[in-house]
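The values are calculated or read from the model by the stated rules, or taken from the named source; none is laboratory data. As the structure is a computational prediction, the values presented were derived from the model and not from experiment. All Cβ positions, even for glycine, are placed from backbone atoms using ideal geometry, and neighbour counts span all protein chains on display. Areas reflect the complete protein model, heavy atoms only, side chains present, ligands, DNA and RNA absent. Shrake-Rupley method; radii C 1.70, N 1.55, O 1.52, S 1.80 Å.
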Amino acid sequence: MNAKTVSFHRMQDGTREDYELLEQAEHAYATSLPDRILGALLKLDNTLQGYQVSRLGHSLQAATRALKDGADEELIVAALIHDVGDDLAPYNHAEIAAGIIRPYVRAEVTWVVEQHGLFQTYYYAHHYGGNREAREKFSGHPWYQACKDFCAEWDQCSFDPDYASEPLSTFEPLVRRIFSRPPHDKRFVG
């Protein structure tokens with residue numbers, strides 16, 4: 001392999017040319033993000049012990065419900081990828097999914113994805129002595145109801161092995177559109 005590489009061993013020693021080279025390489029890599037996200041979703045196609053559906057099946061159900069409810073593309077994609085972090089971060093998967101989607105969607109959607117894990121505890125925490133009302137700490141937040149609805153209408157009810165979900169191919173164009181956008185968050189653009 002004869003690819004160009006930077007001249008430095010420590011970032012502080014990099015030159016303008018080094019960082020221009022890296023910017024080009026990173027831009028090229030970013031263009032394949034939709035493919036990597038779709039691949040990460042496919043990796044969720046295994047049944048987590050105890051559930052009747054795979055994590056992919058759950059994600060497709062949630063996205064299908066959002067689609068049928070007339071949600072916008074950002075919310076549909078959020079419903080699709082909200083659990084994509086489960087594979088590597090089972091105890092903070094919501095933060096992982098929010099981090100992935102943050103540069104490409106409005107702040108409300110990111111917040112809903114980031115908080116959905118806590119909001120979901122409403123449905124089960126009381127069964128093992130936890131606080132099912134933990135989400136109430138956000139009761140005055142402007143997106144509280146949006147997250148509550150996301151969980152009630154799309155997430156907590158999407159573990160049904162008989163539900164007729166749309167296939168991943170239905171959502172692929174949305175994933176490609178959203179994750180091919182230039183990042184809107186100023187932290188991610190020069």
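Between the labelled values (i) 22.3, 82; (ii) 19.0, 59; (iii) 16.9, 53, the entry that holds Rg and Dmax of the Cα atoms in Å as derived from this structure is (ii). Spatially, the stretch 109-130 and the stretch 64-90 are offset by 15 Å when compared through their Cα centroids. Between Arg181 and Tyr123, what is the label-point separation in nm under the 7 Å Cα-to-beta-carbon projection? For Tyr123 paired with Arg181, the spin-label model returns 2.7 nm. Residue-wise HN-Hα couplings along the stretch 12-27, as the Karplus relation 6.51 cos²θ - 1.76 cosθ + 1.60 with θ = phi - 60° gives them from phi, are 4, 9, x, 9, 4, 4, 4, 6, 5, 4, 5, 4, 5, 5, 5, 4 Hz; Gly and Pro carry x. Counting only protein heavy atoms and a 1.4 Å probe, the chain has 59 square angstrom of accessible area per residue.
Ranked from largest to smallest solvent-accessible area, with a 1.4 Å probe on the protein heavy atoms, Thr64, Thr5, Thr15 come out as Thr5, Thr15, Thr64. 3J(HN,Hα) couplings calculated from phi for the stretch 72-85 with the Karplus curve 6.51 cos²θ - 1.76 cosθ + 1.60 (θ = phi - 60°) are, in sequence order, 6, 4, 4, 5, 5, 5, 4, 5, 5, 9, 4, 10, 4, x Hz; Gly and Pro show x.
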